[in-house]
Structures are given as structure tokens and as C-alpha cells.
Amino acid sequence: MTGKSHRAADSRLPGWLSAALVVGAFGALVWLEQRRPLRRPWIEPKLRRDARNLAVAAASAATLRVLERPVVEPLAEAVLRHRRGLLQQVRLPVWAEVPLAVALMDYTLYLWHILTHQVPFLWRFHMIHHLDLDLSASTALRFHFAEMALSVPWRAAQVLLIGASPRALSVWQTATFVSILFHHSNLRLPIAVERRLVRLIVTPRMHGIHHSIVQEETDSNWSSGLTLWDRLHGTLRLNVPQTAITIGVPSYRDPEEITLPKILAIPFGPERPAWRLSDAERRERSRPRVSPDRLLQ
């Protein structure tokens, strides 16, 4: 890598640009959700939900600033300076290195997402994200602060093993924020458009299936950016109509159980079986099967 390309890889996206993209995407999606809702009606009042989700997000953002940023950003600089990690050993030009690093960061995030569901200790914290009774752009920001703290070693390992430069790290962080805002949104896209988009990226209908109260459906569609990873691992599922989906976790269906103080405390209290459906709910969920890769309305 030449001195010029080294400097390019060392330069992050400007903070103002990342913030403008994320805040702009959030504002646009909230507006579009009102005009073209995918799922209706709201189970909870939207203003109350959004306020609660943003409060959870504020605690998570503070945790990341205190715990992740002082670790991961200097590590990305050290990776580049000392040429550590896979991509720094290969020494690709920046125009190739950054997209490849972003893709590999996205893939390893896919693996982390699976772990947060399959490892019981991690699920206690990740479940807070799934307890939302509705799905919208604000749900994308609803992650328990302890989950964010637990993700720091994984994030550091991603950067170190992949060899993600500061530029690649900042591009991936911004792209991931925008992506999760988009696919958590309650935005109804024309079905023909979404069928094209889902060939490449996660879409609202696809991710809605992941937030189903049916565990077999939640245990699919793990990708956060590119749908390639679900396709490669056989975890892609597109054949559940949105009208058949109930958002949330079966054992927490009462809005009074998921107020802000309670959801912050749930991971530290007694654990209850999360996926127990009643016989009536199971009968309601039984339906003729169609092709698992057929995206329906």
C-alpha cells in the first residue's frame, strides 16, 4: 500500500457526514412509515414506543462511547499501522480493501447475531430488542446497553482478524446503521421493488419474519446488510406473509410488562420460557407452505 493509499485508508468518514446520513435516514423512514405502513394497526401508541426505544438507544449509545470507541477505533489505527489482520496482509488498494472489509464485517456481524439468539446468556439481553410489540425504525435502535457492552470484544476481534482500517470501519458502521433503520422500518415498498432489493440487501418484509413470535421464523433471516449470508447458510426465509406475522416474543405480550424500567431490568431477573405458544396460537400459525424463497405481501 502506497503512502497515499495508506493515508486514504487511515481517514474516517467525517463525523458530520455519518450523522447526517443516519439522522436523515431515520427521519425519512419515520415520515414514510406514516404514509405507507407495512403492518397496521399499532399495538402500542407510536409516540410512547418511540420515546421508550430512543431512551434505550441513548443508554446503548453512551455505553458504546465509553466502552467500544476507546477500544475499537485505536485498534483499527493500529491494525493499519502495523499491518495486522487478513486484508492488511494481502495489501489491496483502498478501492478494493474497503468494500471487502465492509462485506467481511457484515458477515461476522451475521455470526454474532446468531450467537445472540443461540447462546442463552446473550439471548437474555438481545431479547429486549425483540420484545417490541411493533416493528418500526425506532426498533432498530432498541438494544440493551449490556448487549452493547458484551459486543465490544467481538467487535475488536472483527477489526483485528479482518484487518479493518479506520476508513473501512467508519464506512461499515454508517452503512450498518442505515441498513438496520431501513429493514426494521414499517415501510411498505411495492412488492416488485422489494423482491428485487432482497436479492442483495435485507428488506422490511424479510426482517419482519425474523421478529415473528414463532421461533422457527425468528431463527432465520439473520443478516443485517447483505442477504448473501442467509443464502449461503440456508437461513433465508421469505415465505411468510406480513399479515400472518405477530411481532414480539410469546411470553411478553402485555405492554405493561415492557415499560422502560422493566425492559432494562428483565435480563437480570428470573428467566421465563420465551417461545411458549398457546395451542390456539399454534393453530393460527399453521398454514399451507409455499416456496421458502418466495417473498409474499
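The values are calculated or read from the model by the stated rules, or taken from the named source; none is laboratory data. Treat the numbers as computed from the prediction; the structure is a model and nothing was measured. Here the Cβ is made from the backbone with ideal geometry for all residues, glycine too, and neighbour counts use every protein chain on show.
Values computed for the structure shown
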| read-out | value |
| --- | --- |
| Output for region 9-26, where each listed residue is more than 20 Å from the chain's Cα centre (by Cα) and either in a helix (DSSP H, G or I) or free of Cβ contacts under 8 Å to residues at least 24 places away in the same chain (or both) | Ala9, Asp10, Pro14, Gly15, Trp16, Leu17 |
| Close pairs (7 angstrom Cβ cut-off, 6 or more residues apart or separate chains): in contact (Cβ under 8 Å) with a residue 60 or more places away in the chain and outside any loop (DSSP other than H, G, I, E, B) in region 27-43, among the charged types (D, E, K, R) and surrounded by 15 or more Cβ atoms within 10 Å (Cβ to Cβ) anywhere | Pro37/Arg188 |
| Given (1) among the charged types (D, E, K, R); (2) within 27 Å of Ile191 (Cα to Cα); (3) surrounded by 19 or more Cβ atoms within 10 Å (Cβ to Cβ), number of the condition Arg40 does not satisfy | (3) |
| Residue match in region 116-133 (condition: polar (S, T, N, Q), under 25 Å from Ala25 (Cβ atoms) and in contact (Cβ under 8 Å) with a residue 60 or more places away in the chain) | no |
| Single residue of Gly163, Gly234 found to be touching a Lys or Arg at 6+ places or on another chain (Cβ under 8 Å) and on the phi > 0 side of the Ramachandran plot | Gly163 |
| Test: Ala244 is over 23 Å from Leu21 (Cβ atoms) and of a type outside the set (Phe, Trp, Tyr) | yes |
| Subset tally (residues that are touching a residue at least 60 places away in the same chain (Cβ under 8 Å) and part of a helix (DSSP H, G or I)) for region 44-80 | 24 |
| Every pair of residues 6+ apart whose Cβ atoms lie under 6 Å, when the first sits in region 84-101 and is at negative phi and modelled with pLDDT of 90 or more while the second is in a helix (DSSP H, G or I) and among the charged types (D, E, K, R) | Leu87/Glu97; Val98/Arg167 |
| Sole exception among (1) over 14 Å from the mean Cα position of the chain (by Cα); (2) in contact (Cβ under 8 Å) with a residue 60 or more places away in the chain; (3) in a helix (DSSP H, G or I) for Tyr110, by number | (1) |
